[in-house]
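The structure appears right after this line, and notes come after that.
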Amino acid sequence: MKQTLFLLFALAFLVFGAGCTGTADTGMPKNVTPTPVILHYERGDVAIPINASELPVRGFDVNVTEVIAIVLTDRRAEVLLENGWNITSVRTGFGMYSVDPARTYVDVEFRSDEESPSFFIEVDEGEKQTGKGRCNVPFWWDGRGPYPEDYHQNQNMSTNQYYVFDHRNERVTMVYNETAIIYLYPSYGVE
């Protein structure tokens, strides 16, 4: 009887223990390389690939593929991309300066190189449309404060246009308003 009880106990141990022989799923990724998501800006004979899966995302969850697809329909993105600028990051923001401070949006950042200023285009994922555009260089008004070393911008109040100045090369590099890029050095628009 002892032998039967011992065999029964050993068999039960094997049956219940059989499910515990695999490795635990810790939720850690298993050396899986995600498939890159490549979007294309295309216009005429211009085709520019944009690897949405490589763009840094700053802030909370963003559907980068959807945001990039939305921004590629904006004329400002076309102007920047066709003039050698690249999409360099995506970040979330809040409407601090808008009528609705609770409004969230996504900023898509464009740059032409490491030393150039950034230009941001807001994207409203919910509405599936673009919003305001802005450059990240500081404002400087003649005679107020020290002269910036590299770039500054100021606003023409009568036209509501912003002028971005490059002091190293002594030129206007960009003229824009909240919805359009009017001039972009060296080849877009008339200064």
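Hey, if you drop one equal point scatterer on each alpha-carbon of the range 144-191 and run the Debye formula without solvent, what base-10 log of I(q)/I(0) do you get at q = 0.15, 0.27, 0.31, 0.32 Å⁻¹?
Each listed q maps to, in turn, -0.40, -1.04, -1.17, -1.19.
If each residue of separation counts as 0.36 nm, what is the full-extension length gain between THR159 and VAL46 once their alpha-carbon separation is subtracted?
Gain in length upon complete extension: 37.5 nm.
Output wanted: per-residue J couplings in Hz (rounded whole) for the range 77-89, from phi through Karplus 6.51 cos²θ - 1.76 cosθ + 1.60, θ = phi - 60°, x for Gly and Pro.
5, 4, 4, 5, 5, 5, 9, x, 7, 10, 7, 10, 6
Need the full-extension length gain, GLU127 to GLU66, defined as separation in residues times 0.36 nm minus the C-alpha distance. One decimal, nm.
Between GLU127 and GLU66, full extension yields 20.8 nm more.
Looking at the range 104-163, which trypsin sites (Lys or Arg not before Pro) are in a loop (DSSP not H, G, I, E or B) and have at most 10 other Cβ atoms within 10 Å?
ARG144
Can you compute 3J(HN,Hα) from phi for each residue in the range 154-165, using the Karplus curve 6.51 cos²θ - 1.76 cosθ + 1.60 with θ = phi - 60°, rounded to whole Hz and x for Gly and Pro?
The phi angles translate into 9, 10, 8, 5, 6, 9, 6, 10, 10, 10, 9, 9 Hz.
Each reported figure results from applying straightforward, stated rules to the coordinates on display, with no laboratory input. Since we're looking at a predicted model, the values are computed, not measured. Positions of Cβ are generated from backbone atoms using ideal geometry, with glycine treated the same way; all protein chains shown enter the neighbour counts.
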